[in-house]
Amino acid sequence: MIANIIVNLGILGIYKYYDFFATQFARLFGIESDFLLLHLILPVGISFYTFQALSYSIDVYRKQIQPTHDIVAFTAFLSFFPQLVAGPIERATNLLPQFQKKRTFDYATAVDGMRQILWGLFKKIVVADNCATYVDTVLADISSQSGSTLLLAAVLFTFQIYGDFSGYSDIAIGTAKLFGIKLMRNFNVPYFSRDIAEFWRRWHISLTTWFRDYVYIPLGGSRPNIPETIRQKGDKALEARYTKWIALRNTFVIFLLSGFWHGANWTFVLWGAYHALLFVPLLLLNKNRRYRDTVATITLPDGTIKTKWLPSLKEAGQMLLTFTLAVFGWIIFRATGLKTLSAWVTGIFDSSLFSIPWLMNRSYYITLAISILVLILVEWINRTREHGLAAPKVSKLSQLLVYYILVTWVIISMYINQKAVTFIYFQF
Amino acid sequence: MKKYLLYTMLFIIPIWIVLLGADDSLSHRIRCANSSFSQPLYDMYNVTDSFDILICGNSRASVQYNPFILDSILECNSYNLGYDGCAVNIQLVKYEQWCKHHSNPKYIIYNIDLWTMNETRGNNREQIFPYFTMDRNLMKNMDIYHDYTIAEKFIPFSRYIGHKNMIEDILVDSISFYKGYYGCDWEWQHANVRHNQDLYKCACDSNMIELFCNFIEKQQSKNTKILFVYAPMFHTILQNSPDIQKMYDMYGNIANQYNISILDYNTEIMCQDSTLFYNKMHLNQTGAELFTTKLAHNIDSIGFLKK
């Protein structure tokens, strides 16, 4: 087991982190780093399939699944093309059995898959790529931008990364459905979260749960075993303090690891630490599991979930605050280095924050605003469903009209966008 | 499964029809645009006359050989088939297209230079944008040299995706175009440009040379007479290029092998005069007119045209 983990993480470490640590080492001792560096090209999706392979090994070791002797099913599990390069990071317990059993074509699942692909394309091409045009232009010359422009870029990057990554996940999950494979959900309307703990239950779910199951819980999670030396004292307050301390430590560990998983850059580590810090008050006040339902919903006695049209004022305020905190988190994430981060943050809190932000052109701005509004509206209406276009409750004709509008919008956006923007998470 | 495939097809058909319409409409607008990108190919399909002389080569042919002057002095009918940004492989595809719509020329003036044998791959794709749906044969030929995806070849409108700005530039462009020639009345642009030796290397790609030789053999078998011309380059290229002698040797060998005359204008005094060029490789309109006049008189004097 240990050998397996060392080999898997060793490969990931050499490709992804070796040059980073070599540079830091050289900097620390003031030596020339060039001869230490390997300059290896990072294989696409290495972080995703390494974690997937690890999950299989650990689950077998824990006897949660039987080791498979079906080499075809195993290699298909490791390299299933829709989710190979950017997830969702699947568990062997979910995906492997699906390759081993006979699959039959299901019309409803395939149609739902097509709907999900279309919604994913809309999020990626219409929302994310259009946001990218503005964000990339602004960040290319960060020092000469006004505070309001930099803030707008941060907000648009928040939508870009969501559209980009959740769009990819929708395309991957939808494509898998065409083959009769059900992949795990990766995003669950994260920007409608009421606190940062809920945000992390809804954002990149496959990675978050991976760290929870394979790092957080083995480290003791939030209910660690109390050491005998403390237990013998019979001091309940001390035991509670110890439990809280371990939970805090474990929270920091998984957030820092999660940040570092994204790339060998201090900004990612800082991003992880930032979210860990936001998590701390909730953990200390035992409020990190407050919101396990979806915002503005009522669960009826028969178990059905009824959605309200609008959130309460309190919920709206909580969502806005969580969104704002996420925006600042994405600034740390997007900055290419600590200098850029500093320039971006200080640039925002400038007297020019209240000036009119730079807008590329009127038609671009209007189109972008409408596309983001559509994204928010559709996801709000369908927040309890699997994806934006899932199980529509309108007539067939209206459905068809919506699909054609989305297809047309996607094609026009592709024509207008000067360059195809690659998926952000391909770099990880 | 059958129901799924049928419904998917029924869903796609209207999209396909709309894309086909959009493709045709945009292609038509590009074809009609007065642009240096679209005109050289489009005009070729439009002209119906037969021509005695064809001028072949890259942009150094299309902007430097004025057919009006050649026609006036030599009392003939000439057409400039020069093709911007393309080496011999693409130049010959254009020539083949020409031959499909016109009779064979009696004479070919081939502009040769450092860049002629440098295989072109994928650049200047906008030059053949509109012609895909118009001419499947051209598409097939260009496919050898250009990196078009399967989607771009078979899904209507897909080749225009991501090129909105370039298409807008093409649509607003305005050039004075005459029988394939467009003189560029521009000022000298290379005053402060440092000499980059890599730009002035002579490629001797064996595949390109073979292609070129096959073309010569084929034309000679049809009794088409060929003349090689070194049009003027700015003197600094001649002084600094590491491959000038290599270029002369390569074309000299080909000319000897096929008994082709060469006219060399690289030693002319005009190569020293930056007022006649807009950059180191290209004469401006004034320079082009001066050069074409000299060329016409020289062609006359060496008796290249059979009277």
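Read the figures in this text as sums done on the coordinates, not as results from a lab. These numbers come from a predicted model, not from an experiment. Please note: Cβ atoms are built from the backbone with ideal geometry, for glycine as well, and neighbour counts cover all protein chains shown.
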>> Just want the ordering: B:His101, A:His275, from fewest to most Cβ atoms lying within 10 Å of their own Cβ.
In response: B:His101, A:His275
> Where a ≥ b ≥ c are the square roots of the eigenvalues of the C-alpha gyration tensor, would you call segment B:2-302 rounded, which needs a/c under 1.5, or, failing that, prolate if a/b is larger than b/c, or oblate?
Replying inline: prolate
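Quick one: putting +1 on the C-beta of Lys and Arg, -1 on the C-beta of Asp and Glu, what dipole do you get for the protein assembly as shown around its Cα centre, in Debye to the nearest 20?
It works out to roughly 4080 debye.
Please report, to one decimal in angstroms, the Kirkwood hydrodynamic radius of the protein assembly as shown built from all distinct Cα-Cα pairs. Working shown, then result.
Values: mean 1/r = 0.0323 Å⁻¹.
Result for the protein assembly as shown, one decimal place: 31.0 Å.
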> Say each of B:Glu119 and B:Lys2 gets a label point 7 Å from the Cα, pointing the same way as Cα to Cβ; how far apart are those two points in nm?
Replying inline: 4.9 nm
>> Run the simple label-point estimate for A:Thr384 and A:Glu228 please: 7 Å along Cα→C-beta, distance reported in nm.
In response: 5.2 nm
>> Given an 8 Å cut-off on Cα distances and at least 6 residues of separation, report the relative contact order of segment A:2-100 as a percent.
In response: 28 percent
> Along the Cα-to-Cβ line of A:Gln24, 7 Å from the Cα, sits a label point; which residues in segment A:296-335 have backbone N less than 19 Å from it?
Replying inline: A:332-335
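List the relative contact order of segment B:2-302 as a percent without decimals, with contacts defined as Cα pairs under 8 Å and 6+ residues apart.
25 percent
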> Out of B:Gly82, B:Gly180, B:Gly162, any idea which swings most in a Gaussian network model of chain B, alpha carbons joined below 10 Å?
Replying inline: B:Gly162
> Taking neighbour Cβ counts within 10 Å as the exposure measure, how do A:Thr267, B:Thr149, B:Thr236 sort from fewest upward?
Replying inline: B:Thr149, B:Thr236, A:Thr267
> If you take the charge dipole of chain A about its Cα centre, with +1 on Lys and Arg Cβ and -1 on Asp and Glu Cβ, which of A:Ala276, A:Ser342, A:Ala247 is farthest toward its positive end?
Replying inline: A:Ala247
> Put +1 on the Cβ of each Lys and Arg and -1 on the Cβ of each Asp and Glu in chain B; which of B:Met247, B:Asn165, B:Pro14 then has its Cα farthest toward the positive end of the dipole?
Replying inline: B:Pro14
>> Taking beta carbons within 10 Å but only from partner chains, what does the mean come to for residues A:411-417?
In response: 5
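To the nearest 0.05, what FRET efficiency results for A:Val402 and A:Leu257 with a Förster distance of 51 Å applied to their C-beta separation?
Details: r = 41 Å, r/R0 = 0.80.
Here the calculated transfer efficiency is 0.80.
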> Convex hull volume of the Cα atoms in chain A, per residue, in Å³?
Replying inline: 206 Å³
> Ranking A:Glu315, A:Glu32 by Cβ neighbours within 10 Å, fewest first, what do you get?
Replying inline: A:Glu32, A:Glu315
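Using only DSSP helix segments of four residues or longer, with each worth -39500 (n - 2.57), what per-residue ellipticity at 222 nm results for the protein assembly as shown after dividing by its residue count and rounding to 500?
Numbers: 30 runs with 399 residues, N = 735.
Mean residue ellipticity, 222 nm, calculated: -17500 deg cm²/dmol.
For segment A:86-141, which chymotrypsin sites (Phe, Trp or Tyr not before Pro) pass both filters: DSSP loop (anything but H, G, I, E, B) and at most 15 other C-beta atoms within 10 Å? All intermediate terms of the calculation are to be shown ahead of the outcome.
Numbers: sites: A:Phe99, A:Phe105, A:Tyr107, A:Trp119, A:Phe122, A:Tyr134; in loops: A:Phe105.
Here the sparse-neighbourhood loop sites are A:Phe105.
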> Size of segment A:2-100 along its principal axes in angstrom, Cα-based, largest extent first?
Replying inline: 54, 28, 19
> At A:Tyr364 and A:Ile31, where each label point lies 7 Å from the Cα along Cα→Cβ, what is the point-to-point distance in nanometres?
Replying inline: 4.8 nm
> How big is the gap, in Å, between the Cα center of segment A:199-245 and the Cα center of segment B:252-274?
Replying inline: 84 Å
> Roughly how many whole Å is it from the C-alpha centroid of segment A:314-340 to that of segment A:380-407?
Replying inline: 29 Å
